[in-house]
1. Once you sort the root eigenvalues of the Cα gyration tensor of the stretch 58-208 as a ≥ b ≥ c, which label holds: rounded (a/c under 1.5), prolate (a/b larger than b/c) or oblate (the other case)?
2. Give me 77, 63 sorted ascending by neighbouring Cβ count inside 10 Å, so fewest comes first.
3. Using θ = phi - 60° and the Karplus relation 6.51 cos²θ - 1.76 cosθ + 1.60, list the HN-Hα couplings for the stretch 58-72 in order, rounded to whole Hz, with x at every Gly or Pro.
4. For residue 163 and residue 58, compute 0.36 nm times the residue count separating them, minus their Cα-Cα distance, and round to one decimal in nm.
5. Return the sequence-ordered ³J(HN,Hα) values of the stretch 111-127 in whole Hz as given by the Karplus equation 6.51 cos²θ - 1.76 cosθ + 1.60 applied to θ = phi - 60°, using x for Gly and Pro.
6. Give me a comma-separated list of calculated 3J(HN,Hα) values for the stretch 86-101, in order, Karplus coefficients 6.51, -1.76, 1.60 applied at θ = phi - 60°, integers in Hz, x for any Gly or Pro.
7. Dipole of the stretch 88-170 (Lys/Arg Cβ +1, Asp/Glu Cβ -1, origin at the Cα centre): which of 139, 94, 114 lies farthest to the positive side?
8. Taking neighbour counts of Cβ atoms within 10 Å as a proxy for exposure, in what order, fewest first, do 171, 81 appear?
Amino acid sequence: MTNFLKLFFVSIIILTSACAPKKVETPAIEQRSVDVALTERRSIERIDATLSVVFEKTDSEMHGDAVLDIAQDGDLHMKVYTLGILAMDLTSKNGLVKSTPKLDKNKTAILTKGLRDCLFWWDLTDFTIREENDHLILQNATRQVVLDGRTMLPQKQRIFFDDGKQLTISYDNPAQAKGVWYQSKMRIELSRYAVTLTVREITFTERT
């Protein structure tokens, strides 16, 4: 009986360990300066991604799947599908935005400037740095990026508009793609709208 109980408990421990979720080890790069951490990413000029998307407005939600390609200069093309049917087709080139269906001002801001600064969060100039608890806060006249001081990954971001409005971004779920660490879950909010993006696949293209 004793041997049976021992084998039983060993089996339970093995089964529990096998079913336990895998923990993603995030990078610890506190030995690097902020400038080095940002410079490592500044050669990235394009991001291609497939994502799951949740659009929220007041008490309503719309779920979909998106295909996105976006350049550092803000040019982008995004298609959103709901139940396999094309629900939105958005392009932005040289500041000219076209979409089907037509989007209002706030939603357009989220999906153009908000999405660009959300993904290319490291593209800051003329910024100051201050420490606050375990975070580093980078800020200039138009943006504030809060970094985890250990991983140098973004936790929050605020984008300031001329009309006084603020677009806020929160980040979660670190992941890695071919050596590049990123946050795989992002929530962008402005006024009554919010968009939550979860990365399924992502590719970072660097300048050649």
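Each value in this text was obtained by applying a stated rule to the coordinates, not by laboratory testing. These numbers come from a predicted model, not from an experiment. So basically every Cβ, Gly included, is an ideal-geometry build from the backbone, and we count neighbours across all protein chains shown.
1. Prolate shape, in that a/c is at least 1.5 and a/b is the bigger ratio.
2. Values: 77 15, 63 12.
Fewest to most other Cβ atoms nearby, the residues stand as 63, 77.
3. Each residue of the stretch 58-72 in turn: 6, 9, 10, 9, 9, 9, x, 10, 10, 10, 9, 10, 9, 9, 4 Hz.
4. Working: separation 105, 0.36 × 105 = 37.80 nm, distance 2.19 nm.
Fully extending the segment from residue 163 to residue 58 adds 35.6 nm.
5. Values, residue by residue: 8, 10, 4, x, 5, 5, 5, 5, 7, 9, 5, 7, 7, 10, 10, 6, 10 Hz.
6. Going residue by residue, I get 5, 9, 7, 10, 10, 10, 9, 9, 6, x, 8, 9, 10, 8, 10, x Hz, with x marking Gly and Pro.
7. Checking the options against the dipole of the stretch 88-170, the answer is 94.
8. Working: 171 22, 81 14.
Lowest count first: 81, 171.
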